[in-house]
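The structure appears below as C-alpha cells.
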Amino acid sequence: MSGRGGLTIAVMVLLAALPPVFYWTGNPFYLDLATRLVILAIAAVSLNLILGYGGLVSFGHAAYVGLGAYAVGIPAHHWLYGGLESLGLATVSGYVQFPLAIAVTALFALVTGLVCLRTKGVYFIMITMAFAQMIFYLIVSIEEYGGDDGLVIDTRSELGLLNLDNPLQLFGLAYVSLLVAMLLVRMIVNSRFGMVVQGAKNNPERMATMGFNTYAFRLVAYVISGAMAGYAGALLGNFTTFISPEMMDWSRSGELMFMVILGGAATTVGPVLGAIVFIVLEQALSTITIYWHLPFGLLLMGVVLFVRGGLAGMLSRNKDR
Amino acid sequence: MGDILQIQGLNKSFGGIKATDNLTLAVETGELHAVIGPNGAGKTTLISQLSGAQRPDTGRILFKGRDITALPTHRRAHLGITRSFQITSLIMDMSVLDNVALALQAREGHSFRFVQAARSVDGLRRKGLDYLDRVGLADKAEQQTVALSHGEHRRMELAIALASEAELMLLDEPMAGLGSQESHEMVDLLRTLKGKHSILLIEHDMDAVFALADRISVLVYGHIIATGTPQEIRDNEAVQHAYLGEE
Amino acid sequence: MSLFIIQLLNGLQLGLLLFLVASGLTLVFGILDFVNLAHGALYMFGAFICATLTFALGNFLWAVLVALPITGLLGFAVERLVARTLYTRDHLDQVLATFGLILVMDTAAHLIWGPQGIAVPLPPFLQGQVTLTGDLVLPTYRLLIIATGLAAAGGLFWLVNYTRLGMLIRAGASNRTMVSALGINIQLLFSLVFALGAMLAGLAGMLVAPITEANIGMGNSIIITAFVVIIVGGIGSMKGAFLAALMIGLIDTLGRSFLDDIFKLFMSPIAAENSAPAISAMLIYIIMACVLALRPQGLFPPKVR
Amino acid sequence: ESVKIGFVTTLTTGAAVIGNDMKNSVELAVEHLGGKIGDLDIEVIFEDDAFAPETGKQVTDKLVKQDDVDFVAGYIWSHVLLASRKSVLDAGKFLISANAGPSQMAGKLCDKNFFSTSWQNDQTPMAMGEVLNRQGVKSLYLMAPNYAAGKDMTAGVERTFKGEIAGKDLTKWGADAQLDFSAELAKAKASGADGLFVFYPGAAGGAFIKQYDQAGLKDTLPLYSVFTVDALSLPKLQAAGFTSVLGSRTTQQWDPTLDNAANKKFVEDYKAKHGAYPSFYGAQSYDAIMLIASAVEAVGGDLSDQDGIRAAMKAADFDSVRGKFTYGNNHLPVQNFYLREVIEDADGMWTTKVVETVYENHQDSYASECSMN
Amino acid sequence: MLELKDVTAHYGTSQALFGITLDLQAGQVATLLGRNGMGKTTTINAIMGIVKASGGSIRFDGQDVTTMPSFRTANLGLGLVPEGRQIFPNLSLRENLIATASNHLGLPDPWTVEKVYALFPELEARAASMGNLLSGGEQQMLAIGRALMTNPKLLVLDEATEGLAPLVRKRIWEALTAIRQQGMSILLVDKNLADLMKIADRHYIIQRGKVAWSGTSDQLNGDPEIRHRYLEF
Ligand SMILES: Nc1ncnc2c1ncn2[C@@H]1O[C@H](COP(=O)(O)OP(=O)(O)OP(=O)(O)O)[C@@H](O)[C@H]1O
Ligand SMILES: Nc1ncnc2c1ncn2[C@@H]1O[C@H](COP(=O)(O)OP(=O)(O)OP(=O)(O)O)[C@@H](O)[C@H]1O
Ligand SMILES: [Mg+2]
Ligand SMILES: [Mg+2]
C-alpha cells in the first residue's frame, strides 16, 4: 500500500474512534467539534473535486453549504410558523429536506455554472464569489427568514430511526456521509469522466482538439460538487440548529479553500486532513489567546512556503522514505 | 475517391494583416497533401480554421461534403478531424500515457462514464502504449509529461494525433524539433499512414515534404500560388524564388 | 439637478479612491502575476502609520510624505519574506499564504494600535467646503482626493506603457527566466514593483483615513471591491482598472442615491424602500457578473495574458 | 467552590473596543465585590464571538458543555444572542444579555431563564422620536445600516415621531460595510429636512461623524443619534478635533452623570483605572454581574436552587448604576430614558450629560407578546 | 573563453547531466549534437544558470559562473536564443527587441532595431504585433534578434532554425558566418548537420548527459562510424 493510502486509512480510523471516546469520557464538546469538523470536511471534499482535480477555484462554495442549510431551516420554519404547506415545504422530514438541499444547490450550480464556466482563472474565482455574494445579500434582505439575524432551526430533521438530536447519531451520520463522499469523489476522478475533467484543467484547447466538449464535463463536475456541498449544508443546519447568511460569506468559502490546499489538493485525504488541522488549530489556539490569528497566520504561511503539496504530500512523502 | 476536404474562398484577417486571403484548396481522400510557404504566410492560421480553433471571416469549409464552418472544435474532432500543434500543446501534469489514453478515450464516444477507473480500462492502456511505441516513447510512458525534452514533446504531439485515428490529420510541422535521425524515422512513420488517412502536412523540412507528399500547395501571403506534384513544385520558378532559394 | 452633479462628483471621488487601491493590486497581480490578498492589509497599515504620524508631526500632509516610503519599505519586506518564494507557485498557494499574512498583519495592528481605530484630523485649509457654483458645495478634501487619484492614474499609465521599465516589468510577468537570462536583475525589479504596489495601497489608506478612520479590518472590506474593479477592468490593464474603478464608483454612488426613487416608479414605496438597499448592496457583484457573462476577460483585457 | 460566569463579547476585530469596555467593567464589578459572592469565588470566563453569530454560538456551546458555567452573560449583538440562546436555555442555565435586545426575545421567545440588563432595541429610538416631537422638528431624514438592528432603530423612531419622514437610507453593512456616506449626506441635505437621525454603532459612528463634520452640515441639518456617539468614539473624535459633535443629542437609559451612589463609584473607579469614561455597554455589563451577585447572595450561595435564583433576579434587588428599575413580565427592565448632550467636562474631556428625562419607567412594546407573567 | 569541467545537473531527483566537459575558444563556433533528450538543452541551461549545476565548474571569460545568477552571467556577454523561442507574449515585437537590449561590454557599432530589421525584413512589418500573435517562424527570428540586441560576445543558439523556411535558414547561416567574422563566438544546437559542418570548428556529441565524442568537422565528416553510432544516419 502506498504511503498515502495508509495515511488515509489511519486518518479515517482515528476520526471514527476518537470522538465517541471523548463523548463517553464526559467531553461532549469535543464530539460536537468533531461533528462540525466532519461536516466541513464533506464540503471540503466536494470542493476538492472541482478545485483540486478540475482546477476550478470556486470562491463561492460556502454559498452551497448555506443554501443546503436553509433548505433544512426554511421548511422547519414553515412547519412551526405556517406557510408553504401547499408546496409540501412545511416539514421537518429529512426525506424532504435533504433531497431539497441537493436539488436546490444542484440547480444553483447549474444556472451559475453556465455563466461562470465561460470564464477562466481568477475571473472564475471572482464570478463564483459574486454569485455567492448575491445569495448572501438576497438572504439578508428576506426578513421572513431572519435576514442577517439568521434563523433558528427549532426542530432537527426527522430521518426514520435516526435521532439527530442525539449527538452520537448525528456524528455517525456525518462520518458515514464523509466516507461516502470521499469514495464517490475518488471514483469520479479516476473514471473516464474524471480524466477528462483533469485534462481540461491543464490544457482545455488540447482536450477540445481531441474531441471533448470540456464545458459540458466541467459543468457536470461543478453541479456534482455543488450538490455535495448542499448536502453538507443540510447536515450543518441540523448540527448548529442556527443558520445565518454569515455562513455564506466569502471568508467562509476561503476557509474551505484553505482546508483543501492546506491538506493537499487533488488527494483523497487532503481535504479531510486540512479540515482537521484547520479546526483543531483554530480551537486550540483560540483557547490560549484571543490573538490566536497571529500564530495561526504564521502557521498557514509556513505551510505554504515550506511544504509543497499540502500536508498529505508531506506526510506521505515521509512515510515513503 | 473525391475530396475529403474542400476549402472555398476562405478569408481571415487580423487587423490589417490578411492571414488567409480568398483561399481555395481541396484535399483528396487518402492523399498526403503538403502545404509549404514562407514564415508568416498563414499556414498555421489555416489549420486553426480547419480545426475550429479560429473562425474564418468568410468562406466555407466542407468535410466530406458537409459544411463544418460553424462547428466547434470538439464536434469536428468527432467527425474525424484532428490536428497537431506547431507550438507544443500537451497536458503537462499528466503522464505521457494518460495523454495518449485520453485521445483514445475521445474516440469511444461520450466520456460521461463515472464508475470504472480509466486506468484500468485495458484497451486504452494497451493501445496507448502501442502508439507511444510507434514514436519511440514507450519507455517514457509513465513519466510526467513536463519532464520530457523538447524533441520528446514533439513526438508526443504526433502520438496523440495518431491515436485519434482521424480520417483527416492536420499536421503542423511535425518534424520541427526532432533530431535528424528522428526526422527520418518520422518520415517512415508518416509513410505508413499514407492511404489510410488523409493528411494535410505543413512542414519546412523539404526533404521530408518531397519524400512524402502526393501533392504540394504553396501558400504565400494567405493564398495558394501553386499546387502540383512534388516535381512540378520543385520546378516552379515562382516557388523557387518565394520559398526554396537555390536548394 | 445639482444633486445629480454632486453625486457624479462623489462617484468620481469614490472611483478614484478605488482606483488607487486597485492600481497597486493590478500592478502586483497583472504584472507580477501574484495574487496579494494582503494588499488590503497594506492599505490598513498605510492608514495607521499615517494616522500615528499625523499626531507625531502635527500635520496630515507631512505625515503622508513620511508614511509613503515607510509603506514602501514594508512592501519591500513582504516581498522578500513571503512573495518572492511564491512567484513560481500557482495562485492558490499565493492566496493561502497572503491570507495567512492578513491574519498576522491584522493582529499585529490590533496589538500595536489597539482595537479602537484612530481618527485623523485634517489641516484647517482642507477642512472646509468649496462652493463650485450656487448650491454645488463639496468638501475641499474630496477635491484633493480627486486630484491625487488622477495624478496617480496618469503616472502609472505612463510608467507601464511607455517606459522601458514598464516593458521589462511586463516581460518579467510572462517569463521571468528569460528576462533574467537576457541580463536583467528581475528579483530587484520585482521587489521594486511590489514596493510600488504597497505604496499605492498605503496612499489610498492614508487618503481614506481622514474620511472614515484608520481601523482594523478596513483592508478586508476594500480588498474584495478592489478585486472586483480589476476583474471588471481586465486583470493587468491600468486603463481597465481606471475605467472600471470610475464606473463602479459612479454606479455605486448613483445607485445608492437614486435607486429607491427609480424603484418607486414601478413598485410600491414599501417594496422599493426594502429592495433598493438590497439591490444596491449587490450592485457591484451584479455588475461584475454581467460584465463577465458578456466578456469573460473583463472589459479591457490586456492584449495578452 | 465558585460561581462560574461565562461572558461572551467581541474581543477581536474593530468592535473589540466595545468588548474591552465590557470586560473592564465586568472586572471592576468583580473587584467591587471583592472577588466573592458570599463564600463563593467569582470565576469569569471571557469568550470572543469575533462579531459572528456562528462563532458566538460555538463559544457559548463550549461555555455550557465544557466549562459548565452557571450563568452565561454578555452579548453585544442581536444575531449572536439569537444564535446562542438555545444552547444556554436548553441546558437549563441562566442567560443574561448585557446589551443585545432583539424584539423576539422580549416577545415570543421570552424565557424564564433569560434576563436583560439593557433594553429592547426599539426603546432608545422611540425616546428619540419623542424628543424630536418636543423640539418641534417637522421633517426628518433617517440613516442606518441595512441590517436587523438598523431597521429596528428606524422603525422605533418612526413609531413615535409625528412629523414627516423626508427620506431614508439603509446603507450596506457587514464585512464590507459602507463607510463613505458622501452620497447619502448630499441627499439628506438636498431633502431639506429639519433634522438628521442616525444609528451607526462602532467604527462606522466615528466615520459618520467626521463626514458630517467635513460636509459642514452642523448648522443646516442638526444631528440626532442613537448608539452612535458614545464614550468609545468621543475620545477619538476629540483627539482629531471634530468639534461639530459637541452639542449633538442622543437618547439612552444611562449616563455617567446619573446621580446615584452606585454610578458614582462605578464611573469614578473606572476613570481612575482606565483614564476614560465607561460607556453604556460597560454600565450594563457592570449591572449584569451585580444582578447575578444579588441573586446568588439571595439563595445563600446554593447554586442548585434555580427557582430561588430566578425569583431573586426578577426582583432586581441590587444597586443598579442606572438607579432603581424593575423587571417586566418578559424579564426586560422597565426603566427611564434620558436625553443627553455631548459636552466638554471640567477636565476638558468630552462626555455627555443628561438634559432631560424623556420616558419614565418605560416598558418595551413586545412585553405583551410574552406568555410569561 | 567558455570552459565546462565535469558539469552535472539534476531535475529534482533525476540526473540529466553526468559530467560534461568542453571548451570553446574566442572566435570559434562549436556545436552540441545528439539525439532528443540527451542533455543538450540542459547543458546550455546550466551555462546560463537557468538550471543550477550540481557539480563541476563552468568558467566564462576567466570568471567562474557556476553559481552565478543568470542575469550576471548574461551581462558578462552571453546571449541566448532559447529552445522554443520564449518570446514575451505580452510585448509587441519591437518591445521584445528593446526591452532587454543592452551593451554591457561597450562593443563598438552595437546592434540596433534597424540592423535586426535589415537582417530579418519580415519582422519590420509586424513591429507592432504582440509577441504571441506572431507566426512560429517570426517568433524564431525575433528570438535571434533579441539575443543580438544584448550585444554578446558568445551567442548561444538552441535549435534556432526550428520552423524556419529554407530561405530564411540560409540567411541565418550567412548572418552567423558574418557575425563570427566580427569575432563573436557561437555555441549551436541544430539538427541540420550539413549546415553545421560548414560553419562550425568543433563538435561535441552528447550522449546520456556526457560528451561521448568531440572533434572537428573534418574528423566528423571522415568518421561515418561515429556518425552512425551517435547520430544514426
Ligand atoms: N491572432 C493573431 N492576431 C494577429 N496576427 C496574427 C494572429 N495569428 C497570426 N497572425 C499573423 O498572421 C500571419 C500568419 O501567421 P501563421 O501563424 O498562420 O503563419 P505560418 O504560415 O504558420 O508561419 P510559420 O511557418 O512561421 O509558422 C503572421 O504574420 C502572424 O503574425
Ligand atoms: N523540466 C524537466 N524536469 C525533469 N526532467 C527533465 C526536464 N527537462 C528535461 N528533462 C530530462 O532531461 C533530459 C535531457 O533533456 P534536454 O532537454 O537537455 O535534452 P535535449 O538534448 O535538449 O533534447 P531535445 O533535442 O529533445 O531538445 C531528458 O531525458 C529529459 O527527459
Ligand atoms: Mg505556423
Ligand atoms: Mg533541447
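Carbon and sulfur together cover what percent of the accessible area of region C:2-216 at a 1.4 Å probe radius?
Its accessible area is 72 percent carbon and sulfur atoms.
What's the center-to-center distance, using Cα atoms, between region E:1-55 and region B:85-116 in Å?
Going from one Cα centre to the other spans 34 Å.
Kindly point out which whole DSSP H helices in chain C project their C-alpha atoms 27 angstrom or further along the helix axis while averaging a Kyte-Doolittle hydropathy of 0.0 or above. Present the calculation step by step, with values, prior to reporting the outcome.
Numbers: long enough: C:2-26 (34 Å, 1.78); C:60-81 (31 Å, 1.77); C:91-113 (32 Å, 1.17); C:140-162 (33 Å, 1.22); C:186-208 (33 Å, 2.20); C:238-264 (38 Å, 0.91); C:269-294 (33 Å, 1.69).
Qualifying helices: C:2-26, C:60-81, C:91-113, C:140-162, C:186-208, C:238-264, C:269-294.
Give me the accessible area buried between chains E and C, both sides summed, with a 1.4 Å probe, in Å² rounded to the nearest 100.
On the way: alone 10790 and 14260 Å², together 23100 Å².
Approximately 1900 Å², summed over both chains.
To one decimal place, what Kirkwood hydrodynamic radius in Å is obtained for region B:92-164 from all pairs of distinct Cα atoms?
Values: mean 1/r = 0.0820 Å⁻¹.
After inverting the mean inverse Cα-Cα distance, the result is 12.2 Å.
Identify which of A:Val122, A:Val185, A:Val220 has the largest mean-square fluctuation in a Gaussian network model of chain A, with springs joining Cα atoms closer than 10 Å.
A:Val122
Would you mind listing how long chain D runs along its three principal axes, going by Cα atoms, in whole Å with the largest first?
62, 45, 38
Quantify, in whole percent, the carbon and sulfur part of the accessible surface of region B:92-164 (1.4 Å probe; protein heavy atoms only).
Values: 1500 of 2910 Å².
That share works out to 52 percent.
Excluding ligands, DNA and RNA, what is the solvent-accessible area per residue of chain A at a probe of 1.4 Å, expressed in Å²?
34 Å²
Give me a single rounded figure for A:25-35: the average over its residues of other chain Cβ atoms within 10 Å of their Cβ. Don't jump to the answer; show the numbers that get you there.
Working: counts 0, 2, 2, 4, 9, 3, 1, 5, 4, 0, 0.
What the average comes to for A:25-35 is 3.
Total accessible area buried between chains A and D, 1.4 Å probe, in Å² to the nearest 100? Please report the intermediate quantities before stating the final value.
Details: alone 15260 and 14100 Å², together 27000 Å².
Roughly 2400 Å².
Based on the Cβ-Cβ distance from C:Gln129 to D:Met349, what FRET efficiency comes out when R0 is 25 Å, to the nearest 0.05? Write out the running numbers ahead of the final one.
Working: r = 29 Å, r/R0 = 1.16.
Result of the calculation: an efficiency of 0.30.
For every helix of n ≥ 4 consecutive DSSP H residues, a contribution of -39,500 (n - 2.57) applies; sum these over chain D, divide by its total residues, and give [θ] at 222 nm rounded to the nearest 500 deg cm²/dmol. Don't skip to the end; give the middle numbers.
Values: 12 runs with 139 residues, N = 373.
It lands at -11500 deg cm²/dmol.
How far is helix D:280-298 tilted off the main Cα axis of chain D, in degrees rounded to 10, range 0 to 90?
20 degrees
Do the alpha carbons of any pairs in D:Lys62/D:Lys108; D:Lys65/D:Lys324; D:Lys108/D:Lys353; D:Lys138/D:Lys271; D:Lys57/D:Lys151 sit beyond 32 Å of each other, and which pairs? Each step should come with its number before you reach the end.
Working: D:Lys62/D:Lys108 27 Å; D:Lys65/D:Lys324 35 Å; D:Lys108/D:Lys353 36 Å; D:Lys138/D:Lys271 40 Å; D:Lys57/D:Lys151 23 Å.
Going by Cα-Cα distance, D:Lys65/D:Lys324; D:Lys108/D:Lys353; D:Lys138/D:Lys271 fall outside the 32 Å limit.
Whole-Hz ³J(HN,Hα) for each residue in region D:190-201, computed from phi via Karplus 6.51 cos²θ - 1.76 cosθ + 1.60 with θ = phi - 60°, x for glycine and proline: what do you get?
5, 5, x, 5, 7, x, 10, 9, 9, 9, 9, x
Relative to the longest principal Cα axis of chain D, at what angle does helix D:306-315 sit, 0 to 90 degrees, rounded to 10?
Relative to chain D, helix D:306-315 is tipped by roughly 40 degrees.
Per residue, what accessible area does region B:59-100 have, given a 1.4 Å probe and all protein chains present, in Å²? Don't skip to the answer; put the middle values down first.
Working: 1390 Å² over 42 residues.
Accessible area per residue: 33 Å².
Using 7 Å Cα-to-Cβ label points, what is the A:Gln169/D:Lys112 separation (nm, one decimal)?
Each label point lies 7 Å from its Cα, and together they span 2.7 nm.
Near the amide H of E:Ile87, under 5 Å away, which other amide H atoms are found, from residues 5 or more places off or on another chain, if H is placed in the peptide plane?
Long-range HN contacts for E:Ile87: none found.
Determine the shielding of peptide E:87-95 by partner chains: average, over its residues, the number of Cβ atoms on other chains within 10 angstrom of each Cβ. Intermediate values should be presented prior to the final figure.
On the way: counts 4, 12, 8, 13, 9, 2, 0, 1, 6.
For this peptide, the per-residue mean of nearby foreign Cβ atoms is 6.
So who's got an amide H within less than 5 Å of the one on D:Val355, skipping anything under 5 residues away but keeping other chains? H placed 1.01 Å off N, in plane.
D:Leu339, D:Arg340, D:Glu341
Can you tell me the relative contact order of region E:2-230? Whole percent, Cα pairs under 8 Å, sequence separation 6 or more. Numbers along the way, then the final one.
Numbers: 437 pairs, mean separation 63.6, N = 229.
Reported relative contact order: 28 percent.
Give me the net charge for the shell around D:Ile165: Cβ to Cβ below 15 angstrom, other residues only, Lys and Arg +1, Asp and Glu -1.
Numbers: positive: C:Lys264, D:Lys138, D:Lys151, D:Arg159, D:Lys162, D:Lys168, D:Lys187; negative: C:Asp260, C:Asp261, C:Glu273, D:Glu158, D:Glu164, D:Asp169, D:Glu184, D:Asp194.
Taking every Cβ under 15 Å from that of D:Ile165, the sum is -1.
How much net charge surrounds B:Gln116 when only other residues with a Cβ under 14 Å from its Cβ are counted (Lys, Arg +1; Asp, Glu -1)?
Numbers: positive: A:Arg186, A:Arg192, B:Arg113, B:Arg119, B:Arg125; negative: B:Glu108, B:Asp122.
In short, +3.
Under a 10 Å cutoff between Cα atoms, tell me which one of A:Ser86, A:Ser46, A:Ser58 has the largest fluctuation in the Gaussian network model of chain A.
A:Ser86
Just the number please: accessible area per residue for region E:2-230, 1.4 Å probe, all protein chains included, in Å². The partial results should precede the final answer.
Working: 8430 Å² over 229 residues.
Result: 37 Å² per residue.
Roughly to the nearest percent, how much of the accessible area of region A:3-320 is carbon and sulfur, given a 1.4 Å probe? List each step's numbers first, then the result.
On the way: 7080 of 10420 Å².
Percent of accessible area from carbon and sulfur atoms in region A:3-320: 68.
How far, in degrees from 0 to 90, does helix D:148-160 lean away from the longest principal axis of the Cα atoms of chain D, to the nearest 10?
Here the helix axis deviates by roughly 70 degrees.
Within a Cβ distance under 11 Å of B:Gly222, other residues only, what is the Lys/Arg minus Asp/Glu net charge? Walk me through the numbers before you get to the answer.
Values: positive: B:Lys12, B:Lys18, B:Lys43; negative: B:Asp21.
Here the charged neighbours net out to +2.
Return the Rg/Rh ratio of chain E with Cα-based radii and a Kirkwood Rh. The partial results should precede the final answer.
Details: Rg = 17.2 Å, Rh = 18.0 Å.
Rounded to two decimals, Rg over Rh is 0.95.
Regarding the protein assembly as shown, what is the average projected area of its C-alpha convex hull, in nm²? Before the final figure, lay out each step's value.
On the way: hull surface 231.0 nm².
Projected area, direction-averaged: 57.8 nm².
Bin width 10 Å, alpha-carbon pairs only: give the P(r) of region D:1-68 as whole percents, running from 0 to the bin holding the largest distance.
22, 44, 29, 5
Taking accessible area as the heavy-atom solvent-accessible surface of the protein chains with a 1.4 Å probe, which residues of region B:27-55 lose no less than 30 Å² upon going from the isolated chain to the full protein assembly?
B:Asn39, B:Gly40
Under a 5 Å amide H to amide H cut-off, with H placed in plane at 1.01 Å, what residues pair with B:Ser84 once short-range neighbours are removed?
Answer set, sorted by chain and number: B:Leu170, B:Leu171, B:Asp172.
Order of E:164-171, D:356-363, E:90-97 by packing, highest average Cβ count within 10 Å first? Could the numbers behind the result be given before it?
Numbers: E:164-171: 20.0, D:356-363: 15.5, E:90-97: 23.0.
The most tightly packed comes first, giving E:90-97, E:164-171, D:356-363.
In vacuum, with every alpha carbon of region E:1-100 counted as one equal point scatterer, what does the Debye formula give for log10 I(q)/I(0) at q = 0.10, 0.19 Å⁻¹? Two decimals, please.
Ignoring solvent entirely, the Cα scatterers give -0.30, -0.99.
Over its Cα atoms, what ratio of radius of gyration to 2.2 N^0.38 Å does region A:3-320 give? Kindly include the intermediate steps, with their values, before the conclusion.
On the way: Rg = 19.3 Å, N = 318, 2.2 N^0.38 = 19.6 Å.
That works out to 0.98 for region A:3-320.
Quote the total accessible area buried by chains A and B together, excluding ligands, DNA and RNA, probe 1.4 Å, nearest 100 Å².
Numbers: alone 15260 and 11830 Å², together 24370 Å².
Roughly 2700 Å².
Using alpha carbon centroids, what distance separates region A:252-268 and region C:226-288, in Å?
One Cα centre to the other: 32 Å.
Quote the FRET efficiency, to the nearest 0.05, computed for E:His228 versus E:Asp23 with a Förster distance R0 of 30 Å and r equal to the Cβ-Cβ distance.
Working: r = 26 Å, r/R0 = 0.88.
Efficiency for this residue pair is about 0.70.
Let me confirm one metric for peptide B:159-169, namely the mean number of other chain beta-carbon atoms within 10 Å of its residues' beta-carbons.
On the way: counts 0, 3, 2, 0, 1, 3, 0, 2, 0, 0, 0.
Across B:159-169, the average partner-chain Cβ count within 10 Å equals 1.
Using 1/(1 + (r/R0)^6) with R0 = 56 angstrom and r between the beta carbons of E:Ser54 and B:Val115, what's the FRET efficiency to the nearest 0.05? Each step should come with its number before you reach the end.
Working: r = 46 Å, r/R0 = 0.82.
With R0 = 56 Å, the Cβ-Cβ based efficiency is 0.75.
Relative contact order for chain C: what percent, with Cα pairs under 8 Å and sequence separation of 6 or more? Don't jump to the answer; show the numbers that get you there.
Working: 451 pairs, mean separation 107.1, N = 305.
Here the relative contact order equals 35 percent.
The values are calculated or read from the model by the stated rules, or taken from the named source; none is laboratory data. Bear in mind that the values here come from a model prediction, so they are computed numbers and not experimental data. Reconstructed Cβ throughout: ideal geometry from the backbone, glycine too, with neighbour counts over all protein chains shown. SASA here: full protein model, heavy atoms, side chains in, ligands and nucleic acids out. Shrake-Rupley method; radii C 1.70, N 1.55, O 1.52, S 1.80 Å.
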